Amino acid sequence: MPYIKQEDRAQMDDVVSKMIRCKAEPDGRLNYVLFKLCYHGVVPSYRNYKNFIGELNECVAEIRRRLLAPYEDKKIIDNGDVL
């Protein structure tokens, strides 16, 4: 996970809080926000689009590593392993 400087986090956290209040959930709304951010916030170029996609892929990896894996481990303990 790219840990950004503390002084940069407050502004980003404000954006995240607003997204949460607007219910930018993973039901199409988050997709909408991310697409609009890419469409309007990225200077059009192959490199910039590629980097945006790379950021999304790294976010997926971080969600798997830090959120999904511990959740799955807890469920194995709760319900037993399938192996």
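The values are calculated or read from the model by the stated rules, or taken from the named source; none is laboratory data. Everything numeric here is computed off the predicted structure, so don't read it as measured data. All Cβ positions, even for glycine, are placed from backbone atoms using ideal geometry, and neighbour counts span all protein chains on display.
Test M19 against the criterion of being of a type outside the set (G, A, S), touching a helix residue (DSSP H, G or I) at 6+ places or on another chain (Cβ under 9 Å), modelled with pLDDT under 95 and surrounded by 10 or more Cβ atoms within 10 Å (Cβ to Cβ), and give yes or no. Here the answer is yes, as M19 does meet what is asked.
Can you say whether A10 is within 22 Å of R66 (Cβ to Cβ) and touching a helix residue (DSSP H, G or I) at 6+ places or on another chain (Cβ under 6 Å), as far as the supplied structure shows? Judged against the criteria, A10 is not a match. Taking each residue of segment 45-58 that is more than 16 Å from F35 (Cβ to Cβ) and looking for partners that are modelled with pLDDT under 95 with beta-carbon atoms closer than 9 Å, six or more apart or interchain, yields E58/M1; E58/P2.
The helices (runs of 4 or more DSSP H) found wholly in segment 1-71 and carrying at least 2 residues that are over 30 Å from D81 (Cα atoms) and β-branched (V, I, T) occupy 6-21.
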